[in-house]
Structure formats: structure tokens, C-alpha cells
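A quick write-up on the structure given underneath.
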Amino acid sequence: MISTLQPPRSLSHFRSNPTLLLRYTSLKPLSSLSSQPVTHSTITDQSQSPNPPSHSQILSTRHSLLSRHLTATQLAESFLTRLRLNEPHLRSFLHVSDSVLAQARELDEKIQRNEELGPLAGVLVAIKDNICTAEMPSTAGSRVLEGYTPPYDATAVRKIKKLGGIVVGKTNLDEFGMGSTTEASAYQVTANPWDISRVPGGSSGGSAAAVSARQCMVSLGSDTGGSVRQPASFCGVVGLKPTYGRVSRFGLMAYASSLDVIGCFGTSVADAGILLHAISGHDRLDATSSKREVPDFSAQFVSMNLLESKPLKGLRIGLIRETLDDGVDTGVISAVRTAALHLEELGCCVTEVSLPSFSLGLPAYYILASSESSSNLSRYDGVRYGNQVAADELNSQYMDSRAKGFGSEVKRRILTGTYALSAGYYDAYYKRAQQVRTVIQKSFKTALDEHDILISPAAPSAAYKIGEKKNDPLAMYAGDIMTVNVNLAGLPALVLPCGFVDGGPAGLPVGLQMIGAAFDEGKLLKVAHIFERTLQNCRFVPPLIADEVA
Amino acid sequence: MRSAQTQTATQEKVKPQVKVSPHSTQSKALEKASKDYEAVIGIETHVQLNTLTKAFCSCPYNYGSPPNTSVCPICMGLPGALPVLNLKVIESAVKVGLALNCKLSLNSKFDRKQYFYPDLPKGYQISQFDVPIATSGYIDLDLPLEFGGGHRKFGITRVHMEEDAGKLLHSEGGSYSQESTFLFMLTINIVPLLISYKRVNYILVDLNRAGVPLLEIVSEPDMRNGIEAAEYAAELQRLVRYLGVSNGNMQEGSLRCDVNISVRPIGQLQFGTKVEIKNLNSFSSVSRAIDYEISRQVLLHSQGQDKEIVQETRLWEEGAQKTVTMRKKEGLADYRYFPEPDLPGVFLTTDYVDGIRNSLPELPETKRRRYEMMGLSMQDVLFLANDMNVAEFFDTTITKGADVKLATNWIMGDIAAYMKNEKLTINEIKLTPQELAELIASIKDGTISGKIGKEILFELLAKGGTVKGLIEAKDLVQIVDPAEIEKWVEKVLSENPKQLEQYRGGKTKLQGYFAGQVMKLSKGKANPGLLNKILLEKLNAKS
């Protein structure tokens, strides 16, 4: 693919006219619902201020509600309308809640009564369907859980609801998170809002597409080997994979327990950060969740000194050499190199860093993830819930229920994992992969001792065509090369759109991955926020909704 | 909960058994052959811990609750649910590990043992595989005298933590069993019988027990016969009860023994083919099943049919008093163990271990050795140390100054008999150690007679109160005034001239009769020694 990069961005523009960065690119909801177009606005007492909050949809929502510029119901209606309009093309949702408007009206009544609002009040959140929701089906994109509604909310969902967030619905995914295109959903294929003939990435393709197409404001995904970051890259949104243990996994249907994390999607770094803050923290229901204090990530978004010409001065950034090798799309390489230049202009010191163990990550990941999944998916036996195929005897019932309930990619991974854990093979596969994992953790540690953050592409290419890799699992697995190492090391990483390559009606977004030290999400958010706010001539609104969104 | 303990301990006590011998013709050959063979026995014991909540969730566990009333998303293995370890499980494991003289692993971990079965909701059991929490220990015990007595030391291979599975209720349905189907139903708050009219076979799953913490204790193959094995199990039961980590009840399945047994010609170093026996619900069935199985295997050996002994799991049938094949092993099961990623490693500090070590109660073996040093017979020692509460009662009585042997006799005699008759535990009787000591002292110093003492004892056992109070209320103080006793003696002699004549005529046995009459007259209060002394004087005095 030949790259057609945007013209190199220059900071001169930024320096000469810093106020341009304050441009308030709010999302204009569809006017069809009300005679007058409604727009977000800052609350009155801040309207004098030259620093409106940001282009964060979450903060804008809050300001709109508090200033009574918009009601929660108006906001919800506008999003639901757009959702309904887009959904036939995108198919990002497996289930849309029927109580969104009721919740919005309830919120409006609270506002009327001047009651205190939670920090996510009125924020419309979509949830990946492998995350349990008590009032909505949660199928993980699998037939084996068709019609299954859990009796409890995942901890992350519970926290969002408690802070006032409204769950819009459940988004499509590769079955149990196993896939990189969302084509492995048992129910439907989700399209990429930038070009509906292309995949949105995966496995959190539904959550990425929904945010990209403004069917919701933010969403939750899960990331076992890149399932938040790669679709964020394909759909041109911000995707944040937190440190392993930062967010409770309770209620996330396990794929590979030692790698799984719940992550966040937003149209801005700020939104991803605010959502992460909302769902982070120790959970007594998840023994692997960290007791570390959760810093106030939003501090990273306001502390930016806009007048400073080199806001990231002294920051050491390592560009991972192995991620720019053969096999990576030249357009992607150019976009990332340009992003590196951009970071340099912001004052960073960018150097190339080598992670020699990088290429070992992919096979180690697929051994470990498959092994754990073969165990985690044992519970889907048709005995207590989900689909049961009646049979003449016990073994047949197990076999038939599972044969019918699981799709081919899931079966492939269960078989791979079962094999890797079998007596006589354990040492050669599982144990060896664990050793590789330790090597990778160490090499990241070394690199992050010398650098504040590491950068790389989020994926070797931009979004590809639906069906292109469907019958070539190895090619699809290879696409995870950029992301799996981060899961093996348990580190936080953020992907944000940094440029475009040719393709589709309006070009295809390319994501830049920033990797930080464990529990250093704050630094990632700060750097990404400044990067995002200083990025010129790039507007990551997909053509599907470009007309609606000013 | 304690009340059930003492009872079952007594009930489950192994009774001496004659070796099972199917036919008299065989039995002679068998007897001869058994001298040439020895059995090698090892035991895997599962001890259910009595923690307030299950191992990995906050559900309580109460034996006998209606099906599926103690369940939650975690122990039902619902999607997205995660285990969190109950720290009491580690505490119990460390206690048992220390009590079994094991080496503790300061860094251990949990693993998943994977297999499919409807009673295993997650499709894997959280267990410990290659790094158990405790290894390489031993247990000391004393065989009861009726089995020949003797001290034994059996090795403990390992102790590890794991979770229990649920229970299956199999239902046989009428005449269509050939084409029956299995319906797996999780009935929450629904009585399973509701669907029993359907003429099919199905299995009902009760997950109340799923996730209840267990300790698996694996012995070395150190036992040689049924009695040793049963006593090993009884000592484990005693130990876990002393430690307070389990009620050790075999009928409820809180203590389950799986026995591995093989037979080899004496002198052979190599083990014979191992057979596993399950379904052993009491110590006596452990003993009898093993002795049956030894006979069976020895017979096969002696008839040159040792090839017939195959690696298999056999079931003890209590009714038929024999073991039958349950399933033959088809190669080794591959459980595909791997480290449990949902749980962090188990790290013990030496401070933590020392804290637990210092809080351990006196254990049965130490107690038995101490009682032995006090001069008690082995029979007394075993009786007193069998039940921690009895031992504590005894110890307190001694502390209050009672004579060791007298206290033992009272406890093992009248008190034990009373408890047995009334089906009470020592904690339920009204008698306190303080009063038992008082009673013994009152007899010893002559305040009351032994006979009165016995009467008071039963009053104290049933109603409580104090020895002093009872003596006062019933005016039971022994009479030691010779003048008063003399008066009674004279009265009895004068009222029985015929007997007196007979006595003096040489029928001296009648002394007892006179003594009884005097005692009766004194309402039992006369000091027996004094009474007899005065009586003899009067009887033998020439008048």
C-alpha cells in the first residue's frame, strides 16, 4: 500500500496561534430531534475563561447538563437516532438497551432538583458483550451463550453506572475475544465506519466502531493481545489498555486470565482517561486487581502549559526498531515516523530502541492465551446455563453442546491450548512460553528504564477488507505482533490516531501505540493528550457521519 | 457442633473384626498364604474445612441445606466470576501441616486440575499440584490394646489445599432406561422430586458443596493392615478436631478416605499392583474393606492368579461386606494441570507460621505422652486423649487438685457411662471439673462416703450444683462420732438377737448384714471404717 500521508505537521502554526488548539470541536447531535440544533457549551461561569475544558465528550456533556444547555434526554435521543441510522451499515451492537431514555429522563429530573451529579452523568457508554451486564444479554459473541443474561454487573459496569453513566448497549466482538476482525462473532460482522467494506479490527471491533461512528460517547472493550488497541487504530479512535491489575476483571468473561484487561475507547485521550479513572481500582472480587492508588488522570489534561513551546521537553521516547521491520505497511511506518517527528517537535528526545525478544512474543502469546482459554472455556458445558444439546449420554452431551456452541476459531484455540497443556508437551510449549514471557518482561523493563515511553505502530497495517484474512488464521495472528508483547509484560499502552493511509472513501486512520511502565497510565495520557491537541490537519471523524458532525 | 463430635468418635471406634474369610476351605489356605505376603497401604484423606465461608466465595456451607441454596456466581462457575481465596483456608492448612510435622512451602501456589463432570462447575478444580503447602511429615499414634497395642509412626507425603465438587443426585427412571437421556438440571430452590415423574434417567446437580475448602492429606504407603489404616484415619480425625479446622465427621463426608492397597510376597521390594478403594464411610469400614481386599489379593497371589489383580478403583459394599470393581483405569488421566492465573501465589512469612505454631493446642500425641508420664495406663491414656474435650475436663480436674488415678476412674467409669446412656458430650453434662475435684477431695478426706459420693455425682451430672451445697442440703456429712455409731450398732444388735446368736455361733459372714443395717440406720452417713471397727468390737464382746 502506498502511503499518502498528510503533509508533515508543523508546530509553527501551533506556536503562532496557540488558541487554535482550544477550538472546541464538540459533537453536534442530530438536529432532527429538535427544531434547533443543540450544541455543547461550557457552563456559564467558565464561558469567560479562555480555556474551555477540552474536546472531551464526557466533559462537554457535563458542562451542557450543568449549564442547562442540553438535557440528558436530548443528548440521549440524538445519539440513539444516530445509532439507529448507522447500525444497519455498521452492525456494531448485539443488543441496544431499551432503558436509555428512561435513565436520561431520570437524570434530567435529578438536574431539575439540583441534585449532585456523578462524574459520568449522562455519558452514553457501550459495553463489549463479553463484559457482564445484569439487565442485558451477555453472549461474548458466542452461540453457547445465546440469550444468556448474567445475574450481576461486572465491577467496571457497576462503577460506570454508579457514577451516572448510561449503558447504551452491548457491542459485537470476535467470539470470546478470539480474533482480530470481529468476523468471528457468531452473530454478525461489524463494518469499519471509515469504509464499510473493511473490518473494524478486533476483537473489540463493535466498541471501536460504535465510538468512531458516535453511536455512543465512550465504550469498554477488553484487551488480551491487542483487542482494544488494534481496533482503535483501525477505527481512528483512542484505545487505552491499562496495566494488568489496574481494572477489575470481575465480570469479564475470561479468555486468557493472565493477559485479559478491560480497556477504554474514546474519541479523545481525555475521555479514555476519564473512563479509565472511573473503572480503576482494587476490587475485592478480583484477587489479581492491584491495591495501588489510582491517581487523578484528569490532572494530566489541565496541567498542560499551552504557552510553552516544548511541553514535553526532556521526555525520552524509544521507538521500537523491530516494529518498523519488513511486513509492516510502509504507509504505517511513515505515519509512525512522522508521529515521532511530531513528538520531537514537542520537545521529546526520540531514539530507536531494540527489543530483541520482540518477535518471540507472538508464538508465546498464542501458546499461553490458547492454554488458558482451553481451561477458561471448560465451563461452557451446557449444564448450568447457555445452550445444551440433549444427548443419550453424558459425553455426547458435552461434545454436542460444545461442538454446536463454539465457532471454529474458538475451537482452534481450545484444541491448541489443550495440546500445549497435555502431559509430555507442557514443558515444550506452556512452560517454554512462560520463560519467553519472563524474557519479554525483562527486556521491556530495561527499555523503560531508559525511556519514559516506547512507541510503535498499533498494527502492521490499516484496516483491511472484510473476508481478507478470514481463512488464513496465521496471517491474522501475525497482525497482533505489535500488541501481544505488551500483554505478556502486563504494561499499559495507549493507541491514538496519528495519521492516514490511502484507502476507503476518505483514507484510513493509522494508530500510534505508546507503551508505558506499569501503572504509569498518567504519563501515557499526558503525552497522548498533548500529542492529540497539537496534531494539525487531522480530523478523525469517519465519512459515514462526517456530515452530521461539525 | 461439638456435641456430634464425641458421639461419632465413640460410635466410629473400630471394633475388633475377625478376618473376612469367604469359605472355610479357602480360609485355611488363605491363612497359610497370608504369612507369605504383606500388604502395602497408603491413604488419601480429604478433610473438609469448617471455615465460615467457602474457599473462593462468600457462600456459607451447611451440611444438609436444600439443594442449591448456598450458591453464587462464583461457586456456580458463571461466566466472568473469579475466585478470591479465603485466608482461613491457608491458616487451617498451615495448622494441619505443622501438626503433621511437615515442611511448609513458604511459596506455594494454586493450579487447575481439569476434567469434565457435571459436579465440577468450572470444568476444573482449583487445587495444588507440584508445590503443595506442606510435605514430608509424619503422624504418631498408639494402637488400642484390643488390637495388640503398640506405637506407630506413619509418613505423610503431602498436604494440599483444594476445593470440593458439588453433589450429583442420580435418578433412575422406570422402564425406558435403555434409551434414557441425561437431563442436567440446576434446580435453584426447587425440590428435585418435582420432575421425577418423567420416565427418563437424569442427574440433578446440587452445587452447595462446590467450592467448599478441602485439605487433601496423602500418606506414605506405611500401613500394613486394616487396623493400622483405620487408626491412622482416626488419628487424623482426632488431629483436625483438636485443631478445630474440621468436624471430621465421616458420615457427612467431612472426612473421606480413599485407600490404595497392594500385596506383595514378603521380601519383595517392588510394590504389587495398586488397587484403590472408595466409599469408606467409617473407620470400621476402612478396616474391614482393607482386610477383605488383602484376602482377595493374597488368594489370587497364592493361586498364581496375580495377573487378575489390575489397577482399578473398587467400591466397598457395606451390605455385602466386600469390594467390587467400580472402574478400571484406562491409562493415566491427563488433568492438564497449570498454574491458576486468577489467584496470586501463596506466600507465608516465618512470622505468620510462627504465630500459628505458637497458638496450636496440645496435640493428641503430646497429650498421650504426658498422660503416660503421669503414670496412667495406656488404656486410660487412649480414652482420655481420644476426645479433646474429655482431655480438657480431665486436665482441669487435675489442676483443681484431684488425684490423677481417681479422676481418671470417675471420668472413665460413671461419667462416661452416664454420657453414653444420656447421649451427651462432656461439654453438655452439668458436672464441672471443679466439682469433680471437690467430690474426689470430699471422699478422700472422709467428709462423705464413696457411696454417697456416687449419689452426689449423678445429681451433679444431671442437675449441676456444688458438692458442698448438696452435702449441706441433704445433710450427707459422714458421721465420725464413735458414740453415735455405737448407739446405732447397739440398736441393730438388740433388734436382731437371732442373727447375733448365729454370728456368735460361728456364722461370722453375718457381719456384713449387721454393717448394712447400721449403715441403713445412719442413712448411709456412718463412716464405714469406724462402723466396722465398733461393730466388730460389739459382736465379739462377751455379754
- Task: Would you confirm whether any residue within region A:406-424 is in contact (Cβ under 8 Å) with a residue 60 or more places away in the chain and touching a strand residue (DSSP E or B) at 6+ places or on another chain (Cβ under 9 Å)?
- Result: no
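Does B:Ala233 qualify as being at pLDDT below 95 and among the small types (Gly, Ala, Ser)?
On the way: at pLDDT below 95: no; among the small types (Gly, Ala, Ser): yes.
For B:Ala233, the condition - at pLDDT below 95 and among the small types (Gly, Ala, Ser) - is not met.
Is there a residue being modelled with pLDDT of 95 or more, buried (at least 19 other Cβ atoms within 10 Å of the Cβ) and assigned to a loop (DSSP other than H, G, I, E, B) anywhere in region A:468-479? Outline the logic, then answer.
Step one: list which residues in region A:468-479 are modelled with pLDDT of 95 or more, which gives none.
The answer is no, given that none of the residues of region A:468-479 is modelled with pLDDT of 95 or more, buried (at least 19 other Cβ atoms within 10 Å of the Cβ) and assigned to a loop (DSSP other than H, G, I, E, B).
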Apart from one, (1) at pLDDT 95 or above; (2) crowded, with 19+ Cβ neighbours inside 10 Å all hold for B:Pro67; the odd one out is (1)
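Examine region B:516-523 for a residue that is aliphatic (A, V, I, L, M), within 30 Å of B:Val404 (Cβ to Cβ), crowded, with 16+ Cβ neighbours inside 10 Å and not assigned by TED's automatic domain parsing to the domain that holds B:Lys405, and state whether such a residue exists.
Checked region B:516-523: at least one residue is aliphatic (A, V, I, L, M), within 30 Å of B:Val404 (Cβ to Cβ), crowded, with 16+ Cβ neighbours inside 10 Å and not assigned by TED's automatic domain parsing to the domain that holds B:Lys405.
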The number of residues in region B:350-384 that are crowded, with 19+ Cβ neighbours inside 10 Å and free of Cβ contacts under 8 Å to residues at least 24 places away in the same chain is 1
Filter region B:486-515 for residues that are touching a residue at least 24 places away in the same chain (Cβ under 8 Å) and among the basic types (Lys, Arg); the one that is surrounded by the most Cβ atoms within 10 Å (Cβ to Cβ) is B:Arg504
Picking from A:Ser456, A:Ser370, the residue that is in contact with a Lys or Arg (Cβ under 7 Å, 6 or more places away or on another chain) and buried (at least 23 other Cβ atoms within 10 Å of the Cβ) would be A:Ser370
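Yes or no, residue by residue, for (1) touching a residue at least 60 places away in the same chain (Cβ under 8 Å); (2) surrounded by fewer than 19 Cβ atoms within 10 Å (Cβ to Cβ); (3) out of contact with any Ser or Thr (no Cβ under 6 Å at 6 or more places or on another chain):
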site	(1), (2), (3)
B:Lys423	yes, yes, yes
B:Asn427	yes, yes, yes
B:Ala437	no, no, no
B:Asp445	no, yes, yes
B:Ser449	yes, no, yes
B:Ile452	yes, no, yes
B:Leu457	no, no, yes
B:Leu460	no, no, yes
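Name the residue, out of A:Ser233, A:Ser248, that is facing chain B (nearest Cβ under 10 Å) and not aliphatic (A, V, I, L, M). Show your work before the answer.
Working: A:Ser233 fails: facing chain B (nearest Cβ under 10 Å).
Answer to the check: A:Ser248.
Let's see how each residue does on (1) in a helix (DSSP H, G or I); (2) closer than 23 Å to B:Pro433 by Cβ:
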{"residue": "B:Pro344", "(1), (2)": "no, no"}
{"residue": "B:Asn358", "(1), (2)": "yes, no"}
{"residue": "B:Tyr371", "(1), (2)": "yes, yes"}
{"residue": "B:Asn389", "(1), (2)": "yes, yes"}
{"residue": "B:Gly401", "(1), (2)": "no, yes"}
Residue hits (region B:309-342; away from chain A (no Cβ under 14 Å), touching a helix residue (DSSP H, G or I) at 6+ places or on another chain (Cβ under 8 Å) and in a loop (DSSP other than H, G, I, E, B)) are B:Ile309, B:Glu318, B:Gln321
Residue hits (region A:136-149; surrounded by fewer than 24 Cβ atoms within 10 Å (Cβ to Cβ), part of a loop (DSSP other than H, G, I, E, B) and not hydrophobic (A, V, I, L, M, F, W, C)) are A:Pro137, A:Glu146, A:Gly147, A:Tyr148, A:Thr149
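Does B:Gln48 fit the bill of being within 14 Å of chain A (Cβ to nearest Cβ), under 22 Å from B:Ser219 (Cα atoms) and surrounded by 19 or more Cβ atoms within 10 Å (Cβ to Cβ)?
Values: within 14 Å of chain A (Cβ to nearest Cβ): no; under 22 Å from B:Ser219 (Cα atoms): yes; surrounded by 19 or more Cβ atoms within 10 Å (Cβ to Cβ): yes.
So B:Gln48 fails the test.
Given the criterion more than 21 Å from B:Lys420 (Cβ to Cβ) and of a type in the set (A, V, I, L, M), identify the matching residue among B:Met388, B:Met374. Show your work before the answer.
Details: B:Met388 fails: more than 21 Å from B:Lys420 (Cβ to Cβ).
Among B:Met388, B:Met374, only B:Met374 is more than 21 Å from B:Lys420 (Cβ to Cβ) and of a type in the set (A, V, I, L, M).
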Restricting region A:84-135 to residues that are within 14 Å of chain B (Cβ to nearest Cβ) and outside any loop (DSSP other than H, G, I, E, B), the one farthest from A:Tyr255 (Cα to Cα) turns out to be A:Ile127
Considering residues that are outside any strand (DSSP E or B), aromatic (Phe, Trp, Tyr) and in contact with a strand residue (DSSP E or B) (Cβ under 7 Å, 6 or more places away or on another chain), the number found within region B:77-130 is 2
The one condition A:Ala335 fails out of (1) surrounded by fewer than 16 Cβ atoms within 10 Å (Cβ to Cβ); (2) more than 14 Å from chain B (Cβ to nearest Cβ) is (1)
For region A:137-178, the count of residues that are under 17 Å from the mean Cα position of the chain (by Cα) and at pLDDT below 95 equals 0
| Regarding B:Ile443, is this residue under 22 Å from B:Leu406 (Cβ atoms), β-branched (Val, Ile, Thr) and either out of contact with any Lys or Arg (no Cβ under 8 Å at 6 or more places or on another chain) or not assigned by TED's automatic domain parsing to the domain that holds B:Ala402 (or both)? | yes
Within region B:390-414, the residues that are surrounded by fewer than 22 Cβ atoms within 10 Å (Cβ to Cβ) and polar (S, T, N, Q) are B:Thr396, B:Thr399, B:Asn409
Being closer than 22 Å to A:Ser222 by Cβ and not β-branched (Val, Ile, Thr) narrows A:Ala104, A:Ala134, A:Ala121, A:Ala72 down to just A:Ala134
Those residues of region B:256-271 which are exposed (fewer than 13 other Cβ atoms within 10 Å of the Cβ) and among the hydrophobic types (A, V, I, L, M, F, W, C) amount to B:Ile266, B:Leu269
Looking across region A:140-161 at residues that are among the β-branched types (Val, Ile, Thr) and in contact with a strand residue (DSSP E or B) (Cβ under 7 Å, 6 or more places away or on another chain), the single one that is farthest from the other protein chains (Cβ to nearest Cβ) is A:Ile160
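The values are calculated or read from the model by the stated rules, or taken from the named source; none is laboratory data. The model shown is predicted, which means the values in this text are computed figures rather than measured ones. Positions of Cβ are generated from backbone atoms using ideal geometry, with glycine treated the same way; all protein chains shown enter the neighbour counts.
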